[in-house]
1. To test your reading of the geometry: what angle, between 0 and 90 degrees and rounded to tens, separates the Cα axis of helix 126-143 from the longest principal axis of the chain?
2. How many nm separate the modelled label positions at Cys164 and Lys16, each set 7 Å beyond the Cα in the direction of the Cβ?
3. Express in nm, to one decimal, how much length is gained between Ala145 and Leu69 on full extension, taking 0.36 nm for each residue of separation and deducting their alpha carbon distance.
4. Accessible area per residue, 1.4 Å probe, Å², for segment 1-81: what's the number?
5. Name the residues whose placed amide hydrogens come within less than 5 Å of the amide hydrogen of Ala44, ignoring near sequence neighbours (fewer than 5 apart) on the same chain.
6. Go ahead and estimate [θ] at 222 nm for the chain from helices alone: -39,500 (n - 2.57) per DSSP H run with n ≥ 4, summed, over the residue count, rounded to 500.
7. Under a 5 Å amide H to amide H cut-off, with H placed in plane at 1.01 Å, what residues pair with Leu168 once short-range neighbours are removed?
8. Whenever you get a sec, compute what percent of the accessible area on segment 52-166 sits on carbon and sulfur atoms (1.4 Å probe).
Amino acid sequence: MEKLRFEGWRNRLRNKIVGPLALEVGVGTGKNMSYYPSDVSVTAIDFSSRMLAKSKRKAVRLNKPVNLLQMDAQQLNFADGVFDTVFAAFVFCSVPDPVQGLCELRRVCKPGGRLLLLEHMRPSNYLLAKIFDAMNPLTVRMTGANINRRTLDNVKKAGWRVICVEDLSSDIVRWIEAVP
């Protein structure tokens with residue numbers, strides 16, 4: 001899936017991340033690092049030390065000067081209004097309290113800044129949504145990811161003003177842009 005679809009979707013980040021300062025939440029293994037603009041200083045966080053070790057190796061391999069920190073999206077250790085862009089890709093399906101995490105992103109985003117999300121979420125089709133709901137407990141146990149999150153609603157609940165929503169794969173995978 002990464003090569004077939006996700007890679008193309010991630011490429012959007014290259015032109016959308018603006019600086020001088022940006023924050024990636026849930027850096028994981030560093031799959032987005034290839035798309036960091038060279039003129040932006042990126043800080044990338046993850047709550048997993050194992051994931052940070054992998055992303056550090058990738059940053060070295062790509063020669064990307066990224067500031068990697070272990071941190072929880074629900075409790076960011078940054079001052080208010082620091083980052084010009086805050087972004088995440090396929091992360092808020094696994095944040096225990098996604099609204100709290102999105103509130104934290106809004107807090108650390110500059111007033112004129114922007115949120116960029118590439119996320120999968122619960123489909124709007126009634127039958128498909130019920131299937132996702134039924135499968136979610138198993139998916140969470142197997143992967144830690146919730147496949148039935150209402151991420152667009154969560155963005156709004158966290159106080160963001162949504163300025164762009166694009167359905168990339170039906171309405172299951174979406175590109176979301178929002179401002180504080």
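1. Helix 126-143 sits at roughly 50 degrees to that axis.
2. 0.6 nm
3. Gain on stretching Ala145 to Leu69: 25.2 nm.
4. With all protein chains present, segment 1-81 gives 58 Å² per residue.
5. For Ala44, whose amide H was placed from the backbone, the distant partners under 5 Å are Glu24, Asn67, Leu68, Leu69.
6. Value at 222 nm, helices only: -9500 deg cm²/dmol.
7. Those qualifying (amide H under 5 Å, at least 5 residues apart or on another chain) are Val173, Arg174, Trp175.
8. Ligands and nucleic acids excluded, carbon and sulfur reach 53 percent.
The values are calculated or read from the model by the stated rules, or taken from the named source; none is laboratory data. From a predicted model like this one, the values you see are computed outputs, not experimental measurements. All Cβ positions, even for glycine, are placed from backbone atoms using ideal geometry, and neighbour counts span all protein chains on display. Quick note on the areas: whole protein, heavy atoms, side chains included, nothing else; ligands and nucleic acids left out. Shrake-Rupley method; radii C 1.70, N 1.55, O 1.52, S 1.80 Å.
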